[in-house]
Amino acid sequence: MFFKPVFKLGLFHNGRTGREDKLGGLPFGLPPDRWPACAVCGRPQNYIGQFHSSDIADLGRQGRVLFLFQCPDGPMCESWDRYSGANAAVIVDEADTAHWPTAAPTGVEIEPEGIVTGWEVTEPAFCISYAGPGPSYGANHEGDNDPEGRFLIQLVGQLDFKAPAPDPAQTGAEHLHYSGGQYGMDNLRFEKPPRERRHYGDWSRGQSDLPGRPSQVVVLENGDWCVECANFGGGTAYVFMDDATGQAFYFSER
Ligand SMILES: [Zn+2]
């Protein structure tokens with residue numbers, strides 16, 4: 001069986017325990033000295049998300065947590081490549097986890113946060129996030145590049161939500177409304193938040209003075225909406241576990 005995560009935008013999630021699987025925001029329980037730097041440019045990596053060992057994502061030992069990171073400059077440092085050192089899949093055993101959110105190193109961009117509130121049965125496909133028996137690769141995958149590890153989960157860099165969409169006063173983000181034409185994409189209307197937002201860099205996924213909030217929200221004609229939360233180059237990230245060493249790794253492909 002394949003299961004896809006059901007997300008709730010972090011700012012709408014109450015009753016947080018720290019044990020939630022999630023993407024974006026701040027890591028919970030990561031020892032600060034385990035926050036990875038990019039092996040190419042030396043900058044601290046951006047936190048992508050975390051998953052706790054469960055029947056859905058078995059990390060080989062109960063209580064283990066998987067933390068995912070990538071270099072903020074993915075195109076320059078080749079963060080899609082599992083061997084580049086520009087991404088990281090950090091496994092922390094339960095005894096080593098902290099009991100609080102981990103402060104981000106100075107200058108780190110905080111990605112929009114989506115909390116996993118449940119898992120639903122899905123068909124496997126290339127461009128969706130899911131856990132299950134095996135990955136779904138895209139058209140560019142070369143068969144002889146199949147990794148030797150045990151598949152855990154695949155992720156896309158986007159959080160999808162069902163209608164109704166929130167309004168900019170709730171998110172503080174700029175909302176992009178698409179409508180019209182065969183694919184509902186012909187017209188684009190921008191809706192600004194009531195107060196000017198700050199965000200990382202010239203363009204980025206997250207707000208800088210309200211970390212974990214999206215900078216932009218895309219709203220479709222039917223009210224479904226989405227938020228970009230990681231840069232996998234428009235492709236999918238594949239996370240694997242090496243049970244012999246207790247290490248995890250990932251790469252992304254289109
Ligand atoms: Zn880098």
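Here are the numbers for the structure shown:
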read-out: Filtered residues of the range 178-203 (kept if farther than 16 Å from SER215 by Cβ and surrounded by 12 or more Cβ atoms within 10 Å (Cβ to Cβ)); value: TYR178, SER179, GLY184, MET185
read-out: Members of the range 199-227 that are modelled with pLDDT of 95 or more and in contact with a Ser or Thr (Cβ under 7 Å, 6 or more places away or on another chain); value: GLY206, GLN207, ARG213, PRO214, SER215, VAL217, GLU221
read-out: Qualifying residue in the range 24-47 (condition: in a strand (DSSP E or B), within 16 Å of the ligand (Cβ to nearest atom), buried (at least 22 other Cβ atoms within 10 Å of the Cβ) and assigned by TED's automatic domain parsing to the domain that holds PHE240); value: yes
read-out: Scope the range 137-186; condition in a helix (DSSP H, G or I) and farther than 16 Å from VAL218 by Cβ; matching residues; value: GLY143, ASP144, ASN145, ALA169
read-out: Conditions (1) of a type in the set (S, T, N, Q); (2) in contact with a Cys (Cβ under 9 Å, 6 or more places away or on another chain); (3) surrounded by 21 or more Cβ atoms within 10 Å (Cβ to Cβ): number failed by SER84; value: (3)
read-out: Matching strands (runs of 3 or more DSSP E) fully within the range 52-128 where at least 2 residues are within 16 Å of the ligand (Cβ to nearest atom) and within 16 Å of the chain's Cα centre (by Cα); value: 65-70, 87-92
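The values are calculated or read from the model by the stated rules, or taken from the named source; none is laboratory data. What you see is a predicted model, and the numbers here were worked out from it, not measured in a lab. Positions of Cβ are backbone-derived with ideal geometry, glycine not excepted, and every protein chain shown enters the neighbour counts.
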